[in-house]
Amino acid sequence: MPAQPVNRDRLLRRLTELAQIGRSESGGVTRPGFSLADLEARRYVVREAENSGLPTAVDAAGNLWLGPRPHPGTTTLVLGSHLDTVVDAGPLDGVYGVVSALEAVENLTSLNLAHPVAAVAFANEEGALHPQPFWGSLATSGQLSTPAAATTAYDGTLLRDALTRAGGNLDVIDQARLDPHQLLAYLELHVEQGPVLERECIPIGIVDAIVGRVQLEVELMGAAAHAGTTPMPGRSDALAAAAEIVLAVEDLPAADWCQVATVGRLEAAPNSPNTIAGLVRLTVDVRDADEARLHQAAGEAVRRIESIAQRRTVKASCTRAASSKPVLTDPALRRSIAAAAARRAVPTLTLTSGAGHDAQMMAAITPAAMIFVPSVGGVSHVPHEDTSPDDLVLGAQMLQDAALALTSHPGSLA
Ligand code: HGY
Ligand code: MN
Ligand code: MN
């Protein structure tokens with residue numbers, strides 16, 4: 001029996017409806033992991049899946065499973081991405097991959113396949129509120145470090161409570177860990193978030209590698225004081241030190257330490273116009289496709305931060321909040337995706353992902369690969385992130401076609 005094709009109206013309706021959940025005044029979407037808006041989006045997806053007759057479940061890490069879950073006696077193909085977003089995000093990052101994975105499971109689950117197909121929305125991929133990005137996929141791949149499990153959010157709330165509210169349980173977090181013997185592979189469909197596919201007028205990207213990332217949390221402790229009565233010499237101005245640090249981090253790629261480096265988050269205290277800032281907290285995001293370069297660059301960032309802080313009599317503390325290895329995707333999966341596209345005479349292009357994804361965590365325990373669709377203007381993590389409806393539907397169809405080819409016969413990945 002052939003598979004039902006992707007239901008265009010259903011796919012686009014779900015994306016439109018999900019984009020209303022966590023909508024901010026700017027027209028963007030703000031659904032940080034484990035936030036109330038994130039929980040509302042998860043409830044929406046559960047309703048949609050259960051209305052299609054699919055079972056749903058939440059594991060100990062808060063990952064939301066739609067359809068059959070990996071289980072003993074078989075190897076399951078997992079399709080997934082994430083529902084949580086950054087602050088003021090667009091309507092597609094992550095959610096497009098989850099909605100398309102649900103669509104594929106709905107269309108394939110009734111077929112008599114050699115391997116089951118599961119869909120998963122990984123918890124807290126972005127780390128926008130609880131600063132442990134890739135939380136859910138780190139947990140399923142057994143890479144979560146215990147200290148991270150006890151973090152508090154940027155708003156001071158406890159991860160433990162937020163996770164419980166989402167249906168997870170920190171005390172038995174290991175139960176979220178997947179057994180690699182129960183997995184056939186992992187496939188993730190995602191918007192490219194960059195300019196390549198649009199520039200080359202190619203509708204389908206096949207990802208060959210995903211860059212690695214180190215995220216530092218930096219705290220600068222100076223001395224708050226009156227802005228008017230405190231002489232310039234001898235100030236211990238945490239915000240002035242931070243300003244110099246932002247530029248020193250920005251300089252790392254120009255000095256050939258790494259591909260990109262960004263200070264994206266900065267909080268000053270007391271953040272008052274006529275008080276010298278005594279405390280600044282900021283984040284450093286360093287990325288590279290080479291693991292050694294990545295860690296050398298992170299080390300150089302810390303060295304520069306400490307040197308600037310010392311010269312400005314500010315105390316700096318740098319902690320590594322998260323890191324992800326650069327990974328290569330699985331060649332056999334890439335060939336499967338290319339073959340699925342060729343069957344529909346769809347042109348493809350192979351490219352590297354500058355964004356991190358749950359696929360790079362899952363690559364630690366099972367063959368993993370990604371399919372990209374073009375991003376209008378090459379932008380993402382902004383409200384005007386966009387992809388044409390035709391490209392969205394074609395990408396979902398490619399995911400489903402590749403999934404069907406991989407699960408129709410035993411050992412298809414040989
Ligand atoms: O930051 C990233 O690379 C992704 O959006 N989590
Ligand atoms: Mn993102
Ligand atoms: Mn994403």
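The values are calculated or read from the model by the stated rules, or taken from the named source; none is laboratory data. Since the model is a prediction, treat every value here as computed from it, not as a measurement. Positions of Cβ are generated from backbone atoms using ideal geometry, with glycine treated the same way; all protein chains shown enter the neighbour counts. We work out accessible area using only protein heavy atoms, side chains counted, and drop any ligands, DNA or RNA first. Shrake-Rupley method; radii C 1.70, N 1.55, O 1.52, S 1.80 Å.
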Placing +1 on the Cβ of each Lys and Arg and -1 on the Cβ of each Asp and Glu in the chain, which of Ser141, Leu129, Pro347 has its Cα farthest towards the positive end of the resulting dipole? Ser141
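What ranking, highest mean first, results for peptides 74-85, 390-401, 154-165 when packing means the other Cβ atoms within 10 Å averaged over each residue? The partial results should precede the final answer.
On the way: 74-85: 27.1, 390-401: 22.7, 154-165: 16.1.
Highest mean packing first, the order is 74-85, 390-401, 154-165.
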If the chain between Glu40 and Thr350 were fully stretched, how many nm would it gain, using 0.36 nm times the residue separation less the Cα-Cα distance? 108.1 nm
Rg/Rg_ref, the chain, where Rg_ref = 2.2 N^0.38 Å and atoms are Cα: 1.02
Can you give the percent of C-alpha pairs in region 212-324 whose distance is more than 20 Å? 39 percent
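I'd like to compare 89-98, 266-275: which one has the highest average count of other Cβ atoms within 10 Å, and what's the full order after that? Don't jump to the answer; show the numbers that get you there.
Details: 89-98: 26.2, 266-275: 12.2.
Highest mean packing first, the order is 89-98, 266-275.
Roughly how many debye, to the nearest 20, is the charge dipole of region 45-96 about its Cα centre, given +1 on each Lys and Arg Cβ, -1 on each Asp and Glu Cβ, and no other charges? Working shown, then result.
Details: 2 positive and 6 negative charges, 50 e Å.
Dipole magnitude for region 45-96 comes out near 240 debye.
Where a ≥ b ≥ c are the square roots of the eigenvalues of the C-alpha gyration tensor, would you call region 338-385 rounded, which needs a/c under 1.5, or, failing that, prolate if a/b is larger than b/c, or oblate?
Details: a/c = 2.76, a/b = 1.06, b/c = 2.60.
Oblate.
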Taking only complete DSSP H runs, can you tell me which helices of the chain stretch 15 Å or more along their own long axis by Cα positions and average at least 0.0 on the Kyte-Doolittle scale? 95-108, 238-254, 331-343, 389-407
Selected from Pro331, His357, Val373, residue furthest toward positive end of dipole (region 279-414; charges at beta carbon): His357
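If you put +1 on each Lys and Arg Cβ and -1 on each Asp and Glu Cβ, how big is the dipole of the chain around its Cα centre, in Debye rounded to 20? Before the final figure, lay out the partial values.
Details: 31 positive and 46 negative charges, 78 e Å.
Its charge dipole is roughly 380 debye.
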Across His226, His381, His190, the residue with the highest GNM fluctuation in the chain (Cα network, 10 Å cutoff) is His226
Each label sits 7 Å from Cα toward the beta-carbon; between Gln20 and Arg47 the label points are separated, in nm, by 1.0 nm
Would you be so kind as to identify which of Tyr44, Asn107, Val314 lies farthest towards the positive end of the dipole of the chain, taking Lys and Arg as +1 and Asp and Glu as -1 on Cβ and the Cα centre as origin? Val314
Each label sits 7 Å from Cα toward the beta-carbon; between Ala342 and Glu219 the label points are separated, in nm, by 5.6 nm
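Let me make sure I get this right: for region 256-414, a, b and c are the square roots of the gyration tensor eigenvalues over alpha carbons, sorted descending. Under 1.5 in a/c it's rounded, otherwise prolate if a/b > b/c, else oblate. Which is it?
Details: a/c = 3.42, a/b = 2.13, b/c = 1.60.
It comes out prolate by the Cα gyration axes.
Which percent of the accessible area of the chain is formed by carbon and sulfur heavy atoms (probe 1.4 angstrom)? Walk me through the numbers on the way to the answer.
Working: 9020 of 16710 Å².
Ligands and nucleic acids excluded, carbon and sulfur reach 54 percent.
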Taking a crude spin-label model, label points 7 Å out from Cα along the C-beta direction, the Asp155 to Asp179 distance in nm is 3.9 nm
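Given the -39500 (n - 2.57) contribution per DSSP H run of 4+ residues, what per-residue ellipticity at 222 nm results for the chain, rounded to the nearest 500 deg cm²/dmol?
Values: 12 runs with 139 residues, N = 414.
Computed mean residue ellipticity for the chain: -10500 deg cm²/dmol.
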